[in-house]
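Encoded as structure tokens, the structure appears first; notes follow it.
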Amino acid sequence: MSLTQHDIDQEMAAERVAYAKRVADGAPVEHHPRRDYAPYRSSVLRHPKQPLVAIDTRQDPELVELRSPAFGERDITEIDNDLTRQHTGEPIGERITVSGRLLDRDGRPVRGQLIEIWQANSAGRYAHRREQHDAPLDPNFTGVGRTLTDAEGRYHFTTIQPGPYPWRNHVNAWRPAHIHFSVFGTAFTQRLVTQMYFPNDPLFPYDPILQSVTDDAARHRLVATYDHGLSVPEFSLGYRWDIVLDGPAATWIEEGR
Amino acid sequence: MTLIDPGSPEQVPPTPSHTVGPFYGYALPFSGGEEIAPLGHPDTVTVHGHVLDGAGDPLPDALLEVWGPRPDGTVPRVDGALRRDPATGGFLGRNGVEFTGWGRIQTDANGHWYVRTLRPGARGRNAPYLSVCVFARGLLVHLFTRVYLPGDDAALAADPLLTRVGDRRDTLIAADEGHGTYRFDIRLQGEGETVFLEYQ
């Protein structure tokens, strides 16, 4: 028996009800997905069953995990943050600029740290060998970018608006348009891989990956804001999206900030 | 100084995590990702194993990041793991001299991974270990674990994490295969499930 969108919708609704009950019963707000979110079928055999073991970093300030790998000017090139300039020709699709700040949970900027992005092209096709979506590749678009944040934690990318694409979680499953982000902080514990979405996408309610973020406010934080001030006249539309890293950070004094 | 409690309401709410999959393979892995140790360094160790799911099947699409200190226990703040060629934009590869402490490895079709890095030194109260972060399709939030190297039984016996996990400590200690090579399988779920960590 194939799973339909209706089946998945019902499962997702049940997850939302269960979450609302947990919070009503006094459980903390969940900022992140649960790893055992079954409507995303790929998670079923890949989440731990045992509870995670907590490490109190305040008891152990020497942990290597409280430091972060370093990246610098040698690790990126000048045009790595412009995904429209990686080939000899112009890529097809709407140009966009995506910008924001990288912060920790105290609101402090994460400076000089690496942000990596990757995404599908405007047809919703990735430049990946195993990708089988019946949609055209764009020889002028690979969809990979990198940058280092500046002294205020700011990042900036120029790219193409990605397209949605079908995947086989269930029958007629579609992923809303998104850009993947891989982010480092001041500590390895702050490592984050996530996805940025575009406002007003009609696919949001149907996507079990986005809906795995069961908390409404948290899910909203994954959606960029259209920012006309970031658009470039006659060139690109602008989106603003700030990233806030969770997890213990390197202490203020140690970083000399 | 004391870190602010991560749950405090004054803090900025965090950006939620998501799965890395499925199509990260053309974006995140890089050549020389596994070769963290400088060429010919006498403290080089090789750690390898499989990543397995709850049915015991290998994950051909897992991505691991390994991060560790120098043999003397200090933490490198060295860039260059992703060294690039400014002319072509491609990867130059590490220069083989510097130790960044960090690498990134994609599992192969058999779910196998390996890393060559420097034997980690002890820091603080802990026995020496490598920090490992696991990403995969299907993992909505990445997982942290550690690879402890066998050999110093006294240090392992005194390690605060290993003493807390009791019987499950064996999932965190690599098996010595000789010649500086160690085996460490990562089991995401089920029998022999690896101990995964949450930092607070």
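The values are calculated or read from the model by the stated rules, or taken from the named source; none is laboratory data. Keep in mind that this is a model prediction, so the values were computed, not measured. No Cβ is skipped: glycine too gets one built from the backbone with ideal geometry, and neighbour counts run over all protein chains shown. What goes into the accessible areas is simple: the full protein's heavy atoms, side chains included, and nothing from ligands, DNA or RNA. Shrake-Rupley method; radii C 1.70, N 1.55, O 1.52, S 1.80 Å.
Need one number: the % of Cα-Cα pairs in the protein assembly as shown sitting beyond the 38 Å mark. That fraction is 20 percent.
Shown for the stretch A:153-183: residues covered by the partner protein chains by 10 Å² or more of accessible area relative to the chain by itself (probe radius 1.4 Å), namely A:TYR165, A:HIS180. Looking at the protein assembly as shown, the DSSP beta bridges with both ends there are about 75 percent antiparallel.
Just need the relative contact order of chain A here, percent rounded to a whole number, with Cα pairs under 8 Å and 6+ apart. Over chain A, the number comes to 25 percent. Interface of A with B. Using a 1.4 Å probe and counting protein heavy atoms only, the two chains hide about 7800 Å² of accessible surface, both sides summed.
Loop-located trypsin sites (Lys or Arg not before Pro) across the stretch A:115-166 with a Cβ neighbour count of 12 or fewer within 10 Å are A:ARG129, A:ARG130, with loop assigned by DSSP.
Legend: P(r) of the stretch A:108-257 from all alpha carbon pair distances, 5 Å bins from 0, whole percents, reading 2, 8, 16, 20, 19, 16, 11, 5, 2, 1, 0. When the solvent-accessible area of the stretch A:80-152 is split by element, carbon and sulfur atoms take up 44 percent of it, the probe being 1.4 Å. Using the Cα coordinates of the stretch A:37-86, the gyration tensor eigenvalues translate into equivalent-ellipsoid semi-axes of 34, 26, 7 Å, sorted from longest to shortest. Heavy-atom accessible surface of the stretch B:1-138, averaged per residue, reaches 37 Å², computed with a 1.4 Å probe. Taking only protein heavy atoms and a 1.4 Å probe, the accessible area of the stretch A:153-251 is 56% carbon and sulfur. Of the accessible area of the stretch B:76-175, computed with a 1.4 Å probe over protein heavy atoms only, carbon and sulfur atoms account for 50 percent. Remark: the stretch A:116-257 carries 39 Å² of accessible area per residue (probe radius 1.4 Å; ligands, DNA and RNA excluded). Largest GNM mean-square fluctuation across A:VAL64, A:VAL144, A:VAL53, computed for chain A with C-alpha springs under 10 Å, falls on A:VAL53.
The residues of the stretch A:1-112 expose, per residue, 50 Å² of accessible area to a 1.4 Å probe.
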